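J.: First the structure, which I've put down as structure tokens, then a few questions once you've had a look.
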Amino acid sequence: MTKPVSLLRALLLFILALCIPVLAHAAKEATKVALPAVAATSASQGDVYILSGGFGVFSTGLKQLQSKLKQNGVAATIMSYQAWRSTAKKIVANRDKYGPRPVVIIGHSLGADNTVLIANELKKKGVPVDLIVSYASTAPQVVPSNVRNVLNYYFKSGGWGGLFTGAGDFTGALDNRDMSTHTGMSHFNVDDDPGLRDEVVRNVVRFFRPAA
């Protein structure tokens, strides 16, 4: 009986050797599906607003930014720069309804100016802002102390985009990024740049990732 048992064992080992690579590949593919980059958010998980510039004509990259955020599980709403008051009121109402949650405000041109107007309104209500992203504001801006992080793409020369500074009691992180050395980039197309878009997405989604 020893010989048949040995043959059976050899046959089983041969079949197992064939199956291991297939099973390993299947497990790898299953892991890809099971681990999305960021958990999907819902209306109760945060406020992300994107303010377009004047006339809504030149801020063409903001729609792509909204789509990229959605792909990464973050729902963002695009608003006219003129809707800054109603946007501030909506954020306050959501805080009253849902409690503390991430607040991110992104804007281009006049919309970038008005991200600071929204932040000032939220400061009056005691609402912190986790992140402001400014694409080429039309003038220098002073950021209130309730803002924790600022990423400002501006043009020191050869463009149009103001420097951001913190108010006297500002203690957050302020990153002014001069885009004037980037060939072909201007006030009107800075929001179209895919590299900047990816950087903005990375900065936004970190506030929505589950705690490690």
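J.: Charges at C-beta only: +1 for Lys and Arg, -1 for Asp and Glu. How large is the resulting dipole of region 47-205 about its Cα centre, in Debye rounded to 20?
T.: Once rounded to the nearest 20, the dipole reads 580 debye.
J.: Quick query: amide H of residue 177 versus all other amide H atoms, modeled in the peptide plane; which residues come in under 5 Å with a sequence gap of 5 or more or a different chain?
T.: Sorted by chain and number, the residues that satisfy this are 152, 153, 154.
J.: Can you tell me which of 163-171, 99-107 comes out highest on packing, and rank the rest after it, using the mean Cβ neighbours within 10 Å?
T.: 99-107, 163-171
J.: From the backbone phi of region 93-103, what are the Karplus-calculated ³J(HN,Hα) couplings (6.51 cos²θ - 1.76 cosθ + 1.60, θ = phi - 60°) in whole Hz, Gly and Pro given as x?
T.: 4, 5, 5, 5, 7, 9, x, x, 7, x, 10
J.: Once you have the alpha carbon radius of gyration of region 47-205, what is it after dividing by 2.2 N^0.38 Å, with N set to its residue count?
T.: 0.95
J.: Right, something else. May I ask you to derive the relative contact order of region 129-202, considering only C-alpha pairs under 8 Å and at least 6 residues apart, and to give it as an integer percent?
T.: RCO, region 129-202: 30 percent.
J.: Moving on to the next point. Here is the link list: 97/125; 63/125; 89/124. Which ones come out longer than 18 Å on Cα distance?
T.: 63/125
J.: Show me the chymotrypsin sites (Phe, Trp or Tyr not before Pro) within region 57-162 that DSSP assigns to loop and that have at most 16 other Cβ atoms within 10 Å of their Cβ.
T.: 160
J.: Within region 52-136, which trypsin sites (Lys or Arg not before Pro) sit in a loop by DSSP and count at most 15 neighbouring Cβ atoms inside 10 Å?
T.: When the trypsin sites (Lys or Arg not before Pro) of region 52-136 are filtered for loop state and at most 15 Cβ neighbours within 10 Å, 125 remain.
J.: If you don't mind, there's one more thing I want to ask. Given a Förster distance of 25 Å, report the FRET efficiency between residue 55 and residue 90 from their Cβ-Cβ distance, rounded to the nearest 0.05.
T.: Between residue 55 and residue 90 the formula returns 0.65.
J.: Along the charge dipole of region 47-205, which of 151, 81, 133 sits closest to the positive end, that is, farthest toward it, with unit charges on the beta carbon of Lys, Arg, Asp and Glu (+1, +1, -1, -1)?
T.: 81
J.: Enumerate the amide H contacts of residue 141 below 5 Å, restricted to partners 5 or more residues apart or on another chain; note that Pro and chain-start residues carry no placed amide H.
T.: Those lying under 5 Å, H to H, from residue 141 are 163, 164, 165.
None of the figures in this text is laboratory data; all of them are computed from the coordinates on show. Predicted model, so just to flag it, every value in this text is computed and none were measured. Here Cβ is always computed from backbone atoms with ideal geometry, including for glycine, and neighbour counts include all displayed protein chains.
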